[in-house]
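Scroll down for the structure; my scribbles are underneath it.
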Amino acid sequence: MAEREDVLRALARLVREHRTELVGLARREGLGAEDALDCVHDAFCTFLDRALKSAGSEQPGGELLAGMVVNLARNKRRRHHLAVRHEPIESLDPSLADGPPLDVLVDHAEDCVRLKGCLSRLCQSQRTVVMMRLLDERAGEDVAAALGLTRGYVDVLLHRAKASLRVCMLEG
């Protein structure tokens, strides 16, 4: 268990050290801010998967991670038919000139991931009500009818779910 926590701590440190540079690389490849964050997230997932598979051997480094981000960004851009001239990875400047500050985008992405984890901790009925009422923006009467519950009970479930989510997000 302690070994797993060490790996997660090392990954968290790696994310903090390289996220700005990596998002900058993805942005230079022609992606918007959200797509760039998705690309970096995918690269970190692939990176973690490779690191776990190669346990005991030499761990992959920052250059591998940068290469993954550039390749993922180019693939994502190709899927969206965005044309941008390729530049060698060595010549790329990771600074972002447009859009919101990177730290704001990263904090937002981290909050979204934390919220998703908090949602998974809710009981099924609360999670369903939250999804239908807040994410699908359905009316309380519609949710109650769809779930076969009274409107009052849907409101109670939503109130309890919000309280649980608030506590969970503050703990994170």
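Listed by first and then second residue, the pairs with beta-carbon distance under 6 Å, at least 6 apart or on different chains, first residue in segment 153-169 and surrounded by 14 or more Cβ atoms within 10 Å (Cβ to Cβ), second in a helix (DSSP H, G or I) and not β-branched (Val, Ile, Thr), are Val154/Gly140; Val154/Ala144; Leu157/Ser125; Leu157/Gln126; Leu158/Arg133; Ala161/Gln126; Leu165/Cys118; Cys168/Cys118.
Residues that are more than 30 Å from Ala12 (Cβ to Cβ) and either at pLDDT 90 or above or touching a strand residue (DSSP E or B) at 6+ places or on another chain (Cβ under 9 Å) (or both) within segment 128-137 comprise Thr128, Val129, Met132, Arg133, listed in sequence order. Modelled with pLDDT under 65, of a type outside the set (D, E, K, R) and outside any helix (DSSP H, G or I) - does that describe any residue in segment 3-13? Checking segment 3-13: not a single residue is modelled with pLDDT under 65, of a type outside the set (D, E, K, R) and outside any helix (DSSP H, G or I). Before we move on, is Val156 at pLDDT below 85, out of contact with any helix residue (DSSP H, G or I) (no Cβ under 6 Å at 6 or more places or on another chain) and not hydroxyl-bearing (Ser, Thr, Tyr)? When the stated conditions are applied, Val156 does not pass them.
Rundown of residues vs (1) closer than 25 Å to Glu34 by Cα; (2) in the same structural domain as Arg16 (by TED's automatic domain parsing); (3) at pLDDT 90 or above, yes/no style:
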{"residue": "Val113", "(1), (2), (3)": "yes, no, no"}
{"residue": "Gln126", "(1), (2), (3)": "no, no, yes"}
{"residue": "Ala139", "(1), (2), (3)": "no, no, yes"}
{"residue": "Ala145", "(1), (2), (3)": "no, no, yes"}
{"residue": "Leu149", "(1), (2), (3)": "no, no, yes"}
{"residue": "Gly152", "(1), (2), (3)": "no, no, yes"}
{"residue": "Arg166", "(1), (2), (3)": "yes, no, yes"}
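Quick check on segment 30-60: of everything there that is polar (S, T, N, Q) and surrounded by fewer than 17 Cβ atoms within 10 Å (Cβ to Cβ), which residue is modelled with the highest pLDDT? Here the answer is Ser54.
The values are calculated or read from the model by the stated rules, or taken from the named source; none is laboratory data. Since the structure is predicted, the reported quantities are computational estimates derived from the model, not experimental observations. Please note: Cβ atoms are built from the backbone with ideal geometry, for glycine as well, and neighbour counts cover all protein chains shown.
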